[in-house]
Amino acid sequence: MRLLLKNVRLETGYLYEQSFVTATKTELFDVLIENGIFVEIAPSIEVNDAVVVDANMQLLIPSFKEMHTHIDKTYFSGEWKAPTIATEGIFSRFKEEALLLPKQLDVAEDRAHAMVQHYIKNGHTHIRTHVNVDPQIETKHIDIVKRVLDSYQDQITYEIVAFPQHGLLRNGPSFLTIMEKALQMGATHIGGVDPALVDRNSSEVIKTTFQLAEKYGVGIDIHLHEQNTLGEFDIQLILNEMEQRSFKKDVTISHAFALADLPEKSLNPLITRMAANQVGLTTTIPIGAGPITIPVKYLYDKGVKVAFGHDSLVDHWSPFGSGDTIQKLNQFIERFGYIDEWHIGQSLKYATGGITPLNLTGEQQWPKTGDTANALLVDAVSSAHLIARRCPISTVLSKGKVIHKEEIELKGEFR
């Protein structure tokens, strides 16, 4: 199928005053998509055999990637329920899940569908979800989530992290058999959580995690909430295993709170090593009393790829998720005080897998012919405008196919 987008606004460069970027230049183009690929971009394109969509001067931007969520355990689309106070920290949640998750099995599939549909509506064409594998649920959630995500294969791509939420080793040798079964059911990654705190055996947990990843040919995505030198210690252990094994699969550290409060003399050599090993980070841009927001741009500029995720929409851990990545980007720029066109616009990359329409010097780099046509039409005049004013999405394209569309009042630059 061919799709022709008419009157599309594309970013073409920056405007400068005294070497400072003051605005983003845009021009109108027609964009032809065939077999899921951008095949022609020109001021005017006329063809006879394409479905035509008039963009009405809306901005075309890359679609979003949700890189950290839990679609298997959620209250989303169900009745309102606030989380309880965790008097024993993470261990309170383990006890809670042992009772709660089996009770939610009857609604887990419907709620996972609702979350995926919500993410699509909000501009996501890729989802990485962590999925509980624990002594009570065993592999039931993996089965549910795989079935749900498979039903959206013509709309999104996905990754599944087999997540030992209640620890990897503390539940005994029989639990490792359950984990191995999960890794044979379609998981793309093996997860983990705070090995020093939860299992009290960082070295053995991390070693076993890498052994299983190698055995089943999967990547690794570990939750690390441990702060300061304890978190640093676990990150160093992860890097040690990568280097000793020459591990080449994807490795991600989620949250990585330690990077928010390490002194510079400890932080810099650590992130240099992370960049050399291509370790990625995922963050929700958390707000809290302590130093838990990692220095995103500093890390990215040092070569560590950073991506944003929502973690949850609403569940027994937190009531605050939205699934709205434009809101997440807005939260990020406000948190770090970015108010100018360049800093705001370049922040888009944390939501798109590193893609921005303009590179750092203002050269157009997306879309190009040959690129996969995963894109959004938004009522904005630049990436910066989109993020700062939280402009709405009208159309979601996945591999050149319209997978979501809604009527919005077009206001353009006056939003």
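The values are calculated or read from the model by the stated rules, or taken from the named source; none is laboratory data. Only a predicted model underlies this, so the values are computations on that prediction, with no experimental measurement involved. Note that each Cβ is placed from the backbone with ideal geometry, even for glycine, and that neighbours are counted across all protein chains shown.
For this structure, a couple of remarks:
- Single residue of the stretch 40-55 satisfying the filter (of a type in the set (A, V, I, L, M) and surrounded by fewer than 16 Cβ atoms within 10 Å (Cβ to Cβ)) that is nearest to G370 (Cα to Cα): A42
- Checked against (1) in contact with a Gly (Cβ under 9 Å, 6 or more places away or on another chain); (2) under 24 Å from G191 (Cα atoms), W317 passes all but a single condition, namely (1).
- Of the residues making up the stretch 286-320, just one is under 12 Å from the mean Cα position of the chain (by Cα) and β-branched (V, I, T), namely V306.
- Subset of the stretch 150-161 that is in contact (Cβ under 8 Å) with a residue 40 or more places away in the chain and of a type in the set (A, V, I, L, M) - its residue that is farthest from V251 (Cα to Cα): I156
- Total residues in the stretch 66-104, condition part of a loop (DSSP other than H, G, I, E, B) and under 23 Å from the mean Cα position of the chain (by Cα): 8
- Residue in the stretch 20-44 that is farthest from the chain's Cα centre (by Cα), counting only those that are in a loop (DSSP other than H, G, I, E, B) and more than 16 Å from N56 (Cα to Cα): N35
- Unique match (being under 27 Å from S318 (Cα atoms), modelled with pLDDT of 95 or more, surrounded by 17 or more Cβ atoms within 10 Å (Cβ to Cβ) and not basic (K, R)) among L281, L212: L281
- Qualifying residue in the stretch 245-252 (condition: among the basic types (K, R), touching a helix residue (DSSP H, G or I) at 6+ places or on another chain (Cβ under 7 Å) and either assigned to a loop (DSSP other than H, G, I, E, B) or free of Cβ contacts under 8 Å to residues at least 40 places away in the same chain (or both)): yes
- Evaluation of P291 against (1) closer than 30 Å to D379 by Cα; (2) modelled with pLDDT under 95 (one fails), failing number: (1)
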